[in-house]
Amino acid sequence: MNPAHLLKAIAFAADKHRRQRRKDADESPYINHPIAVATVLAVEVNVSDEATLLAAVLHDTVEDTQTTFAELEEHFGPEVTSLVRELTDDKSLEKDERKRLQVEHARDSSPRAKQVKISDKICNVRDIAVSDVERESRRWVPGGEPEARSGI
């Protein structure tokens, strides 16, 4: 694993996602998500395969930005681009259809694409769990500001 390649992918994804925010309470920078996906793979799953980690960092660039597969291939090569292609939903389709196709294509995905997709889902579930805890830790006062609930 060449750290310079990973840093290049992070910088590329950060630039592409620079104006995007997550849907959490803090509206955190979107780049935190692909970095978290790569971190789950590297730290928790012990993945050291460079193409897999680069694809994890880049997995939302084509789907959620103006990035093209040709651009990815130019910067990161055909192997990484192929993995990102496996992970990219067709945003021209309705959400229900995209989700149906994710399930349908999951069984035929490469093992590396499956690792990234599962890590992506883990990160999304963790984000939801943290948001739920933060929401529950506040008590809304009619006509007032939220107050921190004691004991949490």
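The values are calculated or read from the model by the stated rules, or taken from the named source; none is laboratory data. Just so we're clear, the structure is a prediction, and the values are computed from it rather than from any experiment. Backbone-built Cβ (ideal geometry, glycine too); neighbour counts: all protein chains shown. The accessibility values were calculated without ligands, DNA or RNA, using every heavy atom of the protein model including side chains. Shrake-Rupley method; radii C 1.70, N 1.55, O 1.52, S 1.80 Å.
Descriptive notes on the structure:
- The residues of region 84-117 that are in a helix (DSSP H, G or I), hydrophobic (A, V, I, L, M, F, W, C) and either closer than 18 Å to Q66 by Cα or in contact with a Cys (Cβ under 9 Å, 6 or more places away or on another chain) (or both), listed by number, are V84, L87.
- Residue in region 40-49 that is assigned to a helix (DSSP H, G or I) and in contact with a Cys (Cβ under 8 Å, 6 or more places away or on another chain) present: yes
- Of all residue pairs spaced 6 or more apart or on separate chains, those with beta-carbon atoms under 9 Å, a first member in region 115-137 that is closer than 11 Å to A36 by Cα and a second member that is loosely packed, with under 13 Cβ neighbours inside 10 Å and at pLDDT 95 or above are S119/E44; I122/E44.
- For region 57-89, a residue qualifies if it is under 21 Å from L41 (Cα atoms), open to solvent by 50 Å² or more (accessible area, probe 1.4 Å) and among the charged types (D, E, K, R), and the qualifying residues are E79, R85, E86.
- Complete set of residues in region 27-56 that are open to solvent by less than 10 Å² (accessible area, probe 1.4 Å) and of a type in the set (V, I, T): V37, V40, T52
- Conditions (1) among the hydroxyl-bearing types (S, T, Y); (2) in contact (Cβ under 8 Å) with a residue 60 or more places away in the chain; (3) touching a strand residue (DSSP E or B) at 6+ places or on another chain (Cβ under 8 Å); number of the one not met by T52: (3)
- Residues that are over 20 Å from A106 (Cα atoms) and touching a helix residue (DSSP H, G or I) at 6+ places or on another chain (Cβ under 8 Å), drawn from region 62-76: T65, Q66, T67, T68, F69, L72, E73, H75, F76
- Against the numbered list (1) aromatic (F, W, Y); (2) touching a strand residue (DSSP E or B) at 6+ places or on another chain (Cβ under 7 Å); (3) touching a residue at least 60 places away in the same chain (Cβ under 8 Å), F12 comes up short only at (2).
- Region 90-122 - residue that is of a type in the set (V, I, T) and surrounded by fewer than 16 Cβ atoms within 10 Å (Cβ to Cβ) and, of those, modelled with the lowest pLDDT: V103
- Check on K8, among the charged types (D, E, K, R) and modelled with pLDDT of 95 or more: yes
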